[in-house]
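K.L.:
Here you go, one structure.
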Amino acid sequence: MMKQHKFLGANFFWLLIFILAIFLSFSISASAEIKPKGHLFIIGGGDRSESMMRRFVGLATKTGSGKIVVLSMASATPDETGRSLVDEFQRLGVKDAVYYSFTRQQAENEQSTLLLNGAGGIYFAGGVQTRITEAILDTPVHRKIIELYRAGTVVAGTSAGAAVMSELMITGDEVRKVEEGHEFETIQAGNIVLARGLGLVKRAVLDQHFATRKRHNRLISVVAEHPNLLGVGIDESTAIIVNPDETFEVIGNKNVIVYDGRRAKIKIRQDKSIALRGLTTHILLSGERFSLRKKKPL
């Protein structure tokens, strides 16, 4: 009888360990995927209508002090670009708009994060996206932006400021050497240069100036090599507003094109050419919605 009690006791102990392990695994999984309260306002570049920018301002003034912080590091003329955007936001009625062009050294200084306090909106200007990541990736400023986004701040960007939003970022370069005017003419594996972005969008890779600059080949190439990610190409004068539930709304004058290779059959030959069957394409207009999570259109 004593042996039976010991046996039952040992089984009960291991059962408790098993239940605790399951509970901890669920807890770790839940904490790893913290749902943000903020929005992403991702513009494909080109002209931005007043109504579009007013929509951004409306979202930005709902959080914190309503301050809008422009980050102009991507621009070749960051001070000129920063002042111009601050003027634009002030004309739209924003009382507190400032700009910064952080160097790497400044972004690594914890004190620099104080400059973002109270921001209801953060706006990344266009230019070259790698200038942004070279300046702030994995710094206290980067972590502060993520913290503010999770708390409710709207993070926006245009052109390069759009590309940098995704975890996997298209840099704008390709491996093969080509003459000017013949860029991205192939659908090919191992050709599109990718880097880490800011990681605010995890289920998609973003491209901009999309149909206007005929960037289909490069985004299809990326999706073929990373079929777990959606390819979202945003055209000029067009934007997507990504909600906390990872649905997005299209606004603006042109299209957003989504390539979904999650169910596709993909073959990459030795010469790196790509065969891709079953790639799903969605062409969206202003007012339409799309889920980055679901495999069926809304």
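K.L.:
Just one of the numbered conditions (1) out of contact with any helix residue (DSSP H, G or I) (no Cβ under 9 Å at 6 or more places or on another chain); (2) of a type outside the set (Val, Ile, Thr); (3) crowded, with 23+ Cβ neighbours inside 10 Å is not true of residue 162; which one?
P.N.:
Checking residue 162 against (1) out of contact with any helix residue (DSSP H, G or I) (no Cβ under 9 Å at 6 or more places or on another chain); (2) of a type outside the set (Val, Ile, Thr); (3) crowded, with 23+ Cβ neighbours inside 10 Å, the one that fails is (1).
K.L.:
A further question on this structure: Of the residues that make up segment 167-184, is at least one at pLDDT 95 or above, surrounded by fewer than 20 Cβ atoms within 10 Å (Cβ to Cβ) and on the phi > 0 side of the Ramachandran plot?
P.N.:
No, there is no match, as no residue in segment 167-184 is at pLDDT 95 or above, surrounded by fewer than 20 Cβ atoms within 10 Å (Cβ to Cβ) and on the phi > 0 side of the Ramachandran plot.
K.L.:
Condition first: touching a Leu at 6+ places or on another chain (Cβ under 8 Å) and among the hydrophobic types (A, V, I, L, M, F, W, C). Now tell me which residues in segment 244-277 satisfy that.
P.N.:
Correct list: 248, 250, 256, 257, 258, 264, 266.
K.L.:
Return yes or no: is residue 69 among the β-branched types (Val, Ile, Thr) and touching a helix residue (DSSP H, G or I) at 6+ places or on another chain (Cβ under 7 Å)?
P.N.:
For residue 69, the condition - among the β-branched types (Val, Ile, Thr) and touching a helix residue (DSSP H, G or I) at 6+ places or on another chain (Cβ under 7 Å) - is met.
K.L.:
Within segment 116-132, identify whether any single residue is farther than 14 Å from residue 161 by Cα, part of a strand (DSSP E or B) and β-branched (Val, Ile, Thr), and answer yes or no.
P.N.:
No: zero hits.
K.L.:
Does segment 161-200 hold any residues that are of a type in the set (Gly, Ala, Ser) and over 21 Å from residue 259 (Cβ atoms), and which are they?
P.N.:
Across segment 161-200, the qualifying residues are 161, 181.
K.L.:
Given 98, 86, which one is over 20 Å from the mean Cα position of the chain (by Cα), within 21 Å of residue 162 (Cα to Cα), part of a helix (DSSP H, G or I) and not acidic (Asp, Glu)?
P.N.:
Details: 98 fails: part of a helix (DSSP H, G or I).
Answer to the check: 86.
K.L.:
Determine whether segment 62-72 contains at least one residue that is at pLDDT 95 or above, part of a loop (DSSP other than H, G, I, E, B) and under 27 Å from residue 147 (Cβ atoms).
P.N.:
Here is the first cut: in segment 62-72, the residues at pLDDT 95 or above are 67-72.
When the remaining residues are screened for being part of a loop (DSSP other than H, G, I, E, B), the result is 72.
Narrowing further to those that are under 27 Å from residue 147 (Cβ atoms): 72.
Looking through segment 62-72, at least one residue is at pLDDT 95 or above, part of a loop (DSSP other than H, G, I, E, B) and under 27 Å from residue 147 (Cβ atoms).
K.L.:
Out of the strands (runs of 3 or more DSSP E) lying entirely within segment 203-298, which hold 1 or more residues that are free of Cβ contacts under 8 Å to residues at least 12 places away in the same chain and within 17 Å of residue 191 (Cα to Cα)?
P.N.:
Qualifying strands (runs of 3 or more DSSP E): 265-268, 274-277.
K.L.:
Take residue 107 and decide whether it is farther than 15 Å from residue 157 by Cβ, buried (at least 20 other Cβ atoms within 10 Å of the Cβ) and out of contact with any Phe, Trp or Tyr (no Cβ under 6 Å at 6 or more places or on another chain).
P.N.:
Details: farther than 15 Å from residue 157 by Cβ: yes; buried (at least 20 other Cβ atoms within 10 Å of the Cβ): yes; out of contact with any Phe, Trp or Tyr (no Cβ under 6 Å at 6 or more places or on another chain): yes.
Judged against the criteria, residue 107 is a match.
K.L.:
Something else now. When you go through (1) in contact with a Lys or Arg (Cβ under 7 Å, 6 or more places away or on another chain); (2) under 22 Å from residue 207 (Cα atoms); (3) surrounded by fewer than 19 Cβ atoms within 10 Å (Cβ to Cβ) one by one for residue 74, which number turns out not to apply?
P.N.:
It fails just one condition, (3).
K.L.:
When the residues of segment 157-174 are filtered to those that are assigned to a strand (DSSP E or B) and not polar (S, T, N, Q), which remaining residue is farthest from residue 48 (Cα to Cα)?
P.N.:
Among those that are assigned to a strand (DSSP E or B) and not polar (S, T, N, Q), it is 174.
K.L.:
Still on this structure, please answer the following. Could you grab me the full set of residues in segment 275-290 that are surrounded by fewer than 14 Cβ atoms within 10 Å (Cβ to Cβ) and either among the aromatic types (Phe, Trp, Tyr) or at positive phi (or both)?
P.N.:
278, 287
The values are calculated or read from the model by the stated rules, or taken from the named source; none is laboratory data. All of these numbers come straight from a predicted model, not from anything done at the bench. All Cβ positions, even for glycine, are placed from backbone atoms using ideal geometry, and neighbour counts span all protein chains on display.
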